[in-house]
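Visitor: Take a look at this one; I'll ask things after.
The values are calculated or read from the model by the stated rules, or taken from the named source; none is laboratory data. Predicted model, so just to flag it, every value in this text is computed and none were measured. Please note: Cβ atoms are built from the backbone with ideal geometry, for glycine as well, and neighbour counts cover all protein chains shown.
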Amino acid sequence: MKGTVYICDDEEGMLRYLRKSVAEWGFAVKTHSSAPALLQSLAEDGERGGVLLLDIRMPEMDGLEVLSRVKGLRPDLGVIMMTGYGTIDSAVEAIKLGAFDYLTKPFPEERLAAVIEHCLENSRLRDEASGPVGADQSSAAEQLVFDSPRFRETFELAQRAAAGDVNVLLQGESGTGKELIAALIHQSGPRARHCFLALNCAALNDNLLESQLFGHRKGAFTGADSSRSGLLEEADGGTLFLDEVAELSTALQAKLLRVLQDGEFIPVGATRARRVDVRFVAATNKNLDKMVAQGEFREDLYYRLNVFTLHLPPLRERPEDVPLLARHFLERAAARLGREVNRISDSALKVLCRYSWPGNVRELRNVIERGTIIARSRSLTPDDLPEHVKRPQPGVAGGAPVTLAEAERRQVASILERAGWNKSQAARMLGITRRTLDRKILDYGLSP
């Protein structure tokens, strides 16, 4: 077999056609007619690599939201989006979220076959270039672009924390670079030669999350056709990054506490405990002190994770880094997308520096990648930036002086209105997760 091709489409006729064609080309094929079935399969099958053909219009979940979750769950999986309703905006969003390519139905078989082969070849070359985990000790540091004293202090504290080989808690808003700081801590510490693995605690339901974290035995639940190691076992000797750790249920908090206390865990469906030596870096954008006081997060787990705390500043508190980051993201996006866009005009930089960036560095990266895709010349201009970024911002020159919280509230409300209160679309425009957007809507008392 050349590799595995996953197919997710709610149209049975299209599913049969794709299954037959792809199998004839020598690939192993796994088909799913719904997003939940696909996500569960990816979480449980334990495979690496391959290609996913994903329909963009799904009944249970928007295809772009599925793409975002797939990339969090299986970043190694190449994704090709399919739709009968192709638009430039949806193509831009798909590529921005990590899709390899985008096909508009109906498409010829030769085109599909070529894209699948190209996607697999691209993944192979990327894997060969990346080398073993920990081989490039400066990779995370090289991706952290800054010149501000505010972020330099955070960077230096992270390096000190790394040397101590203790558990670290990262706090800060969504999109501030917590995973990069977690990788830096791993690569700068004594466990650099071992695995660095990441798990988004908000991306999966409790059952899938438990299986991902602890592994399971064959027959432990319906669909568990074979035993599988969890991330804890795979990260033995290395570092496990738990993103959005505040989203863990009370039951999973108790099971995780045992690992931190005793270095032991029991896979789902097993009876004997296994021992591991793992360093934990956890991250959240919530106030864990408040959650502990309200009984929503275990105090003993909090103190086990919170040996060393780092607070990551939002982008609005380090505005001098915006031009540096914008140019850095432009260079990377142009290289990845094969575009000859090599500069940002002065007028575009002024627009970027005036904006409040509620989605932080992640939102800036998304805006630059979008601009790189649609730019008509070698220079990124204001015409290549989204309308909401170009609008005058409250709380800056020319606007009424307001608090940062009020500025963010207005920005979130504006984006929700532009998206027609389509929360998935609004979250992508802001560069934050749907769950984070729901919290902001609740915190700010927003409604249609």
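Visitor: Condition first: closer than 20 Å to ALA202 by Cβ, modelled with pLDDT of 95 or more and crowded, with 21+ Cβ neighbours inside 10 Å. Can you find one or more residues in region 264-279 that meet it?
Guide: No, region 264-279 contains no residue that is closer than 20 Å to ALA202 by Cβ, modelled with pLDDT of 95 or more and crowded, with 21+ Cβ neighbours inside 10 Å.
Visitor: For GLU44, state whether it is surrounded by fewer than 16 Cβ atoms within 10 Å (Cβ to Cβ), in the same structural domain as ILE116 (by TED's automatic domain parsing) and either more than 22 Å from the chain's Cα centre (by Cα) or at pLDDT below 80 (or both).
Guide: Here the answer is no, as GLU44 does not meet what is asked.
Visitor: Given (1) more than 22 Å from the chain's Cα centre (by Cα); (2) under 21 Å from ASP236 (Cα atoms), identify the lone condition not met by VAL281.
Guide: (1)
Visitor: OK, next. Can you name every residue in region 186-213 that is over 15 Å from the mean Cα position of the chain (by Cα) and within 12 Å of LEU240 (Cβ to Cβ)?
Guide: If we filter region 186-213 for residues that are over 15 Å from the mean Cα position of the chain (by Cα), which is where we start, we get 186-196, 205-213.
Within region 186-213, HIS186, ARG191, HIS194, CYS195, PHE196, GLN212, LEU213 qualify.
Visitor: So, one more: Within region 24-36, is there a residue that is surrounded by 15 or more Cβ atoms within 10 Å (Cβ to Cβ), under 16 Å from LEU208 (Cα atoms) and without any contact (Cβ under 8 Å) to a residue 40 or more places away in the chain?
Guide: Yes, some residue in region 24-36 is surrounded by 15 or more Cβ atoms within 10 Å (Cβ to Cβ), under 16 Å from LEU208 (Cα atoms) and without any contact (Cβ under 8 Å) to a residue 40 or more places away in the chain.
Condition check ((1) modelled with pLDDT of 90 or more; (2) under 20 Å from ASP321 (Cα atoms); (3) within 22 Å of the chain's Cα centre (by Cα)) across all residues:
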site: VAL361; (1), (2), (3): yes, yes, yes
site: GLU369; (1), (2), (3): no, yes, yes
site: SER377; (1), (2), (3): yes, no, no
site: ARG391; (1), (2), (3): no, no, no
site: ALA400; (1), (2), (3): no, no, no
